[in-house]
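Notes to accompany the following structure.
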Amino acid sequence: MKWESVAPCLLVGSIAAMSVIQSDAARAESSPTLLAATGTAGTDSRADSSALEEIVVTARKRSEDLQRTPISITAFTKQDLENHGVVSVSSLASQTPSLSFQSSPYDPIGSYIGMRGQQATDIVITQTPPVGIYVDDVYYPTTLATQLENFQGVEQIEVLKGPQGTLYGRNTTGGAIKITTKMPDYSGVNGDVKIGYGRSNAQTASATVNLPIIDNRVAMTLGGQYAKDDGYGRNLSNGADLQNNKSEAFRGALRLDLTDKLQIVVRGEWAHAVSTQGIEDLVYVVPGFSIASAAVAAQIGALTPSDYGILGSLLTTGAPPAGSTPQQIGAFFNDVNKGRSAFASYICPSRQCRNVSYPLVSQLATFGLAGTVPFGPKTTVDLSTESAVATYTFSPDLYLKSISAHEKTTRGTIASTSTSPFLLIDGIGDRQNPEQLTQELQLGGNALDDKLKWVTGYYYFHLKGEDDGINTELVPFLPNPIFNLSQFRDTSNAAYGQGTYALTSTLNVTAGVRYTSEKTDLTLENHNAAVCQVDGVPAVGAPCVNSFGNSFSNVSYTGGLDWQVVDSVLLYAKTSRGFRAGGTNQRSNPALPYAPEIVTDYEIGAKSDWFDRRLRVNLAVYHSNYKDIQRSVYVNNSQSFVTEVQNAASAKIDGAELEITARPFNALTLSASAAYTNPKYDTYTGFSQTGTPLNLSGNAFPNVSRWQTGLTGTYTLNDRVGALDFTVGFSYRSTVDYQPDGHDANSAPYTIQNGYGLLDARITQAIAAANMKVSLWGKNIADRHYISGANDFSTQLGYAYVIPGLPATYGLEIEKKF
């Protein structure tokens, strides 16, 4: 059976299996079990308007009050998302303790995601992110689109902290982001239209409509979103904009209440985004000889024929060839320093230049690349998802649920990481197309006079895709172009169960376990213009292709106690274990496997409401044992420098998260959050550019700040026109090191960002008579200069560059509801 036919068959098959069950009981919507089963979340505004609202979450596969859920969660309602201007997954970080995103050096749409010290350091389809993203209970396998503005129709977001060892389909070590979109309802035809305009010619438009079709039986929602801007930098080579974005996204959902017990929800999503190259500012060039300086020297014609003999020996043995005279060696280093001076002329003194030069098409012709791929740095991402969720409620105490989904992402990147007009490491073309099929079955409910709340299930995951790159590296020292071609398959089966039992009316115990069996297959065809670079190819002239298999299994768990001390105070203690899937390296030769990494977490926490729910204080303190850490280390592969994932380290992480919300009087809501994260390696072995083992256990963790804080206040006035809301938000990160494993003795200050804060503001005037809102907003309104990512190749190649964070942005937004 062809892959394209598998997803529809599973979707239809799941629905058909559910449809054969007949029912004549009460409406399923009135059942609290079905509410949990369908994943409906939201808020409950109680009679006292001065009290903080109750937030309903579904983190444990059932609907619960956030304040009675004994795990660490940061929840955002639709109103929270609007007040904070959250439009993408990556923009959640400013108001979520312990959550972080690092801009990818290779495209401006994807990013590296981390939580509680567990941080991704690459975007490859063969490596699972440490933080799982779920949209309507469907897992997204990569972070290729985390900066895409596609939050139209999102109703609520729950950020779950720590290992999700039992309930979530792809076990994750750092946490999970659970996104819930709007469910079609029967309230009538309604919707909203929103348009906006901002700095850098930023234009946005979105619309959502709810359409009841058959009363209490069939309804649907449709929505679309458009965004574009002219970018925040300039390519000096051709005058083109840098880091501009254009995207379109559409969502639709069809709700079928076929009987009083059977509900099916079919959803679809499509998104397309294109962006030019991100901004990369050169900040450091190693003094004296470096490979980058030699490459530049070759391109400006500084190297002589005799220089190449010395250079070749330095690259292979690290020493000049025997018989070299001091004069020859001195002349060589003099020529290389001419290259360094030319390269260093592009150093950005302010770390916020926003003007970058990239290699021209004419430079590629010398290396046989003209016409091989189009050159004009940009990234294109296409995303499509189809899912069907069928829920059958046998009784208020028992439900069966099926979640079938198919997701495909296609990403094409034409990028340059030379930060200058010279060819150094240039990812001229890279294409990834991960496609996944998932199937989950859940059976859950209540038992023993509602003392036991339980859920059990089976999860199937299948991912396939290609990751192909055509690039040049360190010219003219390598036979270019270089082709990195791989095909990848990952198949996982898991079974899980979790239950919560009420020992008394105020004391509960929770236990859960999950078993996962996984198998990966990787086929490589890596080669350069001269030789095959795939391990195990028997002889010259044989097909340059080989396959590598890897399999593993894992048992994860969770367990805990929670005590409702009084109605407004919950105390809990829990432990959980999660794993991050293993795999096989797609870039290195040999293609070595790496094992899953394991995190065992111990957490205690308190959730409390005070003063008639005008003050809410939540606290979590945790300790994590982190083993077999997957780290991307640089290795010299036949003079081609690549990243190789290895189980290079073990560590311990201690941390705490505090969230406070207060409503001192009806018109004012204040919130504050803080996270303390202290990771320390027990062991960490990396490698030098010549393959010598290095003890890196004293290094910092990449993209982890010791402190993260956030402050927000919203003040509401009711004038003659309507409600007038003022929202001011401030977020702070302490010092962060983006590339701690790449520093030489002098480069660290250039890719370390000292502590900084960002100030945002929003003013919204409601026009009650027209059912409209007009908003003025600003982000980073103090125009704080900071960096949001970096690459430090100092110890491998001889230079470092940074990615500047967004400058001050501002705009106007108009929303009309109908």
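The values are calculated or read from the model by the stated rules, or taken from the named source; none is laboratory data. A quick note: this is a predicted structure, and the numbers were derived from the prediction, not measured. No Cβ is skipped: glycine too gets one built from the backbone with ideal geometry, and neighbour counts run over all protein chains shown. To get the accessible areas, we keep the full protein, side chains included, count just its heavy atoms, and leave off ligands, DNA and RNA. Shrake-Rupley method; radii C 1.70, N 1.55, O 1.52, S 1.80 Å.
Brief remarks on what is shown
- When SER237 is tested against (1) under 31 Å from the mean Cα position of the chain (by Cα); (2) open to solvent by 40 Å² or more (accessible area, probe 1.4 Å); (3) closer than 16 Å to PHE422 by Cβ, only condition (1) is not met.
- Within the stretch 86-127, restricting attention to residues that are of a type outside the set (Ser, Thr, Tyr) and assigned to a strand (DSSP E or B), the residue that is farthest from ASN245 (Cα to Cα) is GLN118.
- Residues that are within 30 Å of LEU52 (Cα to Cα) and of a type in the set (A, V, I, L, M), drawn from the stretch 614-632: LEU615, VAL617, LEU619, ALA620, VAL621
- Just one of the listed residues (GLU155, GLU149) is over 14 Å from SER100 (Cα atoms), at pLDDT 90 or above and open to solvent by 10 Å² or more (accessible area, probe 1.4 Å), namely GLU155.
- Residue, farthest from SER290 (Cα to Cα), within the stretch 304-336, restricted to residues that are free of Cβ contacts under 8 Å to residues at least 12 places away in the same chain and aliphatic (A, V, I, L, M): ALA322
- In the stretch 395-416, the residues that are farther than 26 Å from SER111 by Cβ and not hydroxyl-bearing (Ser, Thr, Tyr): PRO396, ASP397, LEU398, LEU400, LYS401, ILE403
- Extreme residue, most open to solvent (accessible area, probe 1.4 Å), among residues of the stretch 364-383 that are of a type in the set (Val, Ile, Thr) and at pLDDT 65 or above: THR380
- Among the residues of the stretch 128-139, those that are surrounded by 24 or more Cβ atoms within 10 Å (Cβ to Cβ) and not in a loop (DSSP other than H, G, I, E, B) comprise VAL131, GLY132.
- Among residues of the stretch 584-604, those that are within 26 Å of VAL513 (Cβ to Cβ) and in contact with a Pro (Cβ under 7 Å, 6 or more places away or on another chain), counted: 2
- Among the residues of the stretch 76-85, just one is in a strand (DSSP E or B) and either of a type in the set (S, T, N, Q) or under 14 Å from the mean Cα position of the chain (by Cα) (or both), namely THR77.
- Some residue of the stretch 64-73 being within 21 Å of THR669 (Cβ to Cβ) and under 22 Å from the mean Cα position of the chain (by Cα): yes
- Qualifying residue in the stretch 522-531 (condition: without any contact (Cβ under 8 Å) to a residue 60 or more places away in the chain and more than 30 Å from THR419 (Cα to Cα)): yes
- Residue within the stretch 786-796 that is over 27 Å from ASP426 (Cβ atoms) and touching a residue at least 24 places away in the same chain (Cβ under 8 Å) present: no
Here's the yes/no breakdown for (1) closer than 27 Å to ALA227 by Cβ; (2) buried (at least 21 other Cβ atoms within 10 Å of the Cβ); (3) among the aliphatic types (A, V, I, L, M):
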| residue | (1), (2), (3) |
| --- | --- |
| ALA748 | no, no, yes |
| THR751 | no, yes, no |
| ASN754 | no, no, no |
| ILE767 | yes, no, yes |
| ILE781 | yes, no, yes |
| HIS785 | yes, no, no |
| LEU797 | no, yes, yes |
| PRO804 | yes, yes, no |
| TYR810 | yes, no, no |
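- For the stretch 476-504, the tally of residues that are of a type in the set (Gly, Ala, Ser) and more than 14 Å from LYS453 (Cα to Cα) stands at 4.
- Unique match (being assigned to a strand (DSSP E or B), open to solvent by less than 40 Å² (accessible area, probe 1.4 Å) and either touching a helix residue (DSSP H, G or I) at 6+ places or on another chain (Cβ under 9 Å) or within 30 Å of TYR186 (Cα to Cα) (or both)) among VAL265, VAL296: VAL265
- You will find that of TYR602, TYR622, TYR594, the residue that is surrounded by fewer than 17 Cβ atoms within 10 Å (Cβ to Cβ) and touching a residue at least 24 places away in the same chain (Cβ under 8 Å) is TYR602 and no other.
- Yes/no for ASP744 being out of contact with any Gly (no Cβ under 8 Å at 6 or more places or on another chain), open to solvent by 30 Å² or more (accessible area, probe 1.4 Å), part of a strand (DSSP E or B) and not basic (Lys, Arg): no
- A Cβ distance below 6 Å, combined with a sequence gap of six or more or placement on separate chains, defines the contacts here; from the stretch 712-733, residues that are under 22 Å from SER91 (Cβ atoms) reach residues that are open to solvent by less than 40 Å² (accessible area, probe 1.4 Å) and assigned to a loop (DSSP other than H, G, I, E, B) in the pairs ARG733/SER705.
- Selection status of HIS406, under 22 Å from the mean Cα position of the chain (by Cα), at pLDDT 95 or above and surrounded by fewer than 20 Cβ atoms within 10 Å (Cβ to Cβ): no
- Total residues in the stretch 557-574, condition under 19 Å from THR456 (Cα atoms) and either free of Cβ contacts under 8 Å to residues at least 24 places away in the same chain or of a type in the set (Val, Ile, Thr) (or both): 1
- Qualifying residues in the stretch 384-403 (those that are charged (D, E, K, R) and over 30 Å from GLN432 (Cα atoms)) - the one most open to solvent (accessible area, probe 1.4 Å): ASP397
- Residue among ASP229, ASP185 that is acidic (Asp, Glu), open to solvent by 10 Å² or more (accessible area, probe 1.4 Å), touching a Gly at 6+ places or on another chain (Cβ under 8 Å) and farther than 30 Å from GLU603 by Cα: ASP229
- Residue check for THR180: touching a strand residue (DSSP E or B) at 6+ places or on another chain (Cβ under 6 Å), under 23 Å from ARG60 (Cα atoms) and open to solvent by 10 Å² or more (accessible area, probe 1.4 Å): yes
- Qualifying residue in the stretch 331-342 (condition: more than 30 Å from VAL802 (Cβ to Cβ) and either surrounded by 15 or more Cβ atoms within 10 Å (Cβ to Cβ) or modelled with pLDDT under 80 (or both)): yes
- Of the set (1) open to solvent by 40 Å² or more (accessible area, probe 1.4 Å); (2) farther than 28 Å from TYR197 by Cβ; (3) out of contact with any helix residue (DSSP H, G or I) (no Cβ under 6 Å at 6 or more places or on another chain), all apply to LYS246 but (2).
- Residues of the stretch 64-92 satisfying the condition of being closer than 30 Å to GLN432 by Cα and either open to solvent by 20 Å² or more (accessible area, probe 1.4 Å) or polar (S, T, N, Q) (or both): VAL87, SER88, SER90, SER91
- Members of the stretch 550-584 that are touching an Asp or Glu at 6+ places or on another chain (Cβ under 9 Å) and open to solvent by 60 Å² or more (accessible area, probe 1.4 Å): SER551, SER553, ASP567, LEU571, ARG577
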